[in-house]
Every structure is written in C-alpha cells, then in structure tokens.
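Structure first, then comments.
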Amino acid sequence: MSGTHERIKRKPQQRSLRTKQKLLDAALEAFSENGYKGSSTRDVAARAGVHHPLITYHFSNKDRLWRCTVKYVFAELLEELQKVEETFAGECPKARFSAIIRIYVHHAARFPALHKIVLQESSYHSARLEWLSENFLGPLADAASGYIVDLQEKGVAPAGDPLILYNLIRASSGTVIALALELKNTSGIDFDNPEKLDELAEMIIRIFLPGNVDEN
C-alpha cells in the first residue's frame, strides 16, 4: 500500500514540475520578445497553455517569474563552466578558455532568448539590471577577465582592457546567434547546424586568442 500511496502522491508533483517548466519556457520567450514591461503574466500563461492563476501559485508575481526565468537559463551555463574548471584544472590556459568559448557559443544557440533579455534590460537602469549584474553578469565578467589577463601575459590574447576583450568575445557569440533568423535569410548561415556553431566558436578563438602558450 505504501508504494501505491507514493505513486499517487508523485503524479501531482510531476504535473506541477511540468507546469512550472512550461511557464519558464513561455516566460523566456515572452521576456526576450517584449521585454519585462511589454510582457504580461496572462500572455505567459497563454503561451504555456495553462490557467493564469498558476503563475501566482508557482511564482507569486511577474518580478519573481522574471528572476526565476533568468536563474533557469544561467543554471545550465554555470554548471557547464564548472565542469570546464574541473576538466582543465592545471591544463593549458588557452585550451581552458577555448573550451569556455565553445560552451558559451553552444549555450547561446540553445538559449538565444537570454542574450535578448540582457539587451532588453540594458536599455535602461532598473533593479532587475542591478540584480542581473550582481548575481550573474558581474561574476562571469570578473572570472573571465582573470583568465584573459593570464592569456595576455602569455602572449595568447591581444593587449587591452581585459573586460572590453571579454565583452567583445561575448558579443561575438550572443549577438551573432541572436541574429540567427536574419543571417539565415540574408546569408544562408544556419546556426541550427552544429557544424556552423563549431565554426563560429573556432573563428572566435582564432581571432581573440591568436597566440600560443610557450610550454618551455
């Protein structure tokens, strides 16, 4: 009987998780297209195909929905970057940062809406931009610039402000992929093709990390 009870209990929990995931996916789409101010919770619920009160049940309000959506998208990226740290600990710094670039490119392709949301929030000052910068964008920039300084000292990366260089690399990934539909129409570049994503990543690596580490 206890096993049957657990299965009965598990079904509503699974439905709840699926509903929450649908709402996160719908919110990601809505916020990237229309920004925070231009999006409504009713629109998000309609996109998710669920009843509007479920947004209040799962997320309380629009602000919390936005923050949970951003956390959801960054979670996978941060997990993959942590794996790079573990895999390349003590290894060649150029190989490590090249792996970071490849991960960023493929993550941007899976979640092109993230870059669009960041652009939306960067158009004016808000508490959301401060929260986004403090919790995600700032720490990522600080970590990446530390790697870049090391690569500059080793003659791998070009000289200059490491934070500017980091953001050039970031924009070369996120902005280009955010323009995927336009590029497909005007240039025939198809970023749905994994080989094209690999080509983009390798091109960014060649442009921004042109030198090689002296192993001697």
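Rule-based calculations on the coordinates, nothing more; no lab input. Given the structure is predicted, the values throughout are model-derived calculations rather than measurements. Please note: Cβ atoms are built from the backbone with ideal geometry, for glycine as well, and neighbour counts cover all protein chains shown.
Listed values, structure above:
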{"quantity": "Exposure proxy order (Cβ contacts within 10 Å, fewest to most) of Val156, Val149", "calculated": "Val149, Val156"}
{"quantity": "Residue-count net charge about His58 - beta-carbon cut-off 11 Å; Lys, Arg +1, Asp, Glu -1", "calculated": "+3"}
{"quantity": "Zero-based 10 Å bins, Cα pair distances in the stretch 67-216, whole percents", "calculated": "10, 39, 36, 14, 1"}
{"quantity": "For the chain, the longest site-free run once GluC sites (Glu not before Pro) in DSSP loop states with at most 16 other Cβ atoms within 10 Å are removed", "calculated": "92-214"}
{"quantity": "Ascending count of other beta-carbon atoms within 10 Å, so fewest first, for Leu81, Leu119", "calculated": "Leu119, Leu81"}
{"quantity": "Sparse-neighbour loop sites [trypsin sites (Lys or Arg not before Pro); the stretch 22-109; at most 13 other C-beta within 10 Å; DSSP]", "calculated": "Lys37"}
{"quantity": "Footprinting exposure proxy for Thr69, Thr175 (fewest neighbouring C-beta atoms within 10 Å first)", "calculated": "Thr175, Thr69"}
{"quantity": "Helix 2-34 axis, angle to the chain major axis (alpha carbon atoms, nearest 10°)", "calculated": "60"}
{"quantity": "Inter-centroid distance (Cα atoms) of the stretch 49-107 relative to the stretch 158-212, Å", "calculated": "19"}
{"quantity": "Ellipticity estimate at 222 nm from DSSP helix runs (n ≥ 4, -39,500 (n - 2.57)) divided over the chain, nearest 500", "calculated": "-25000 deg cm²/dmol"}
{"quantity": "Helix axis angle, 112-121 relative to the chain longest principal axis, alpha carbon, degrees", "calculated": "90"}
{"quantity": "With Cα atoms, 0 to 90° folded angle of helix 93-110 axis to the chain main axis", "calculated": "40"}
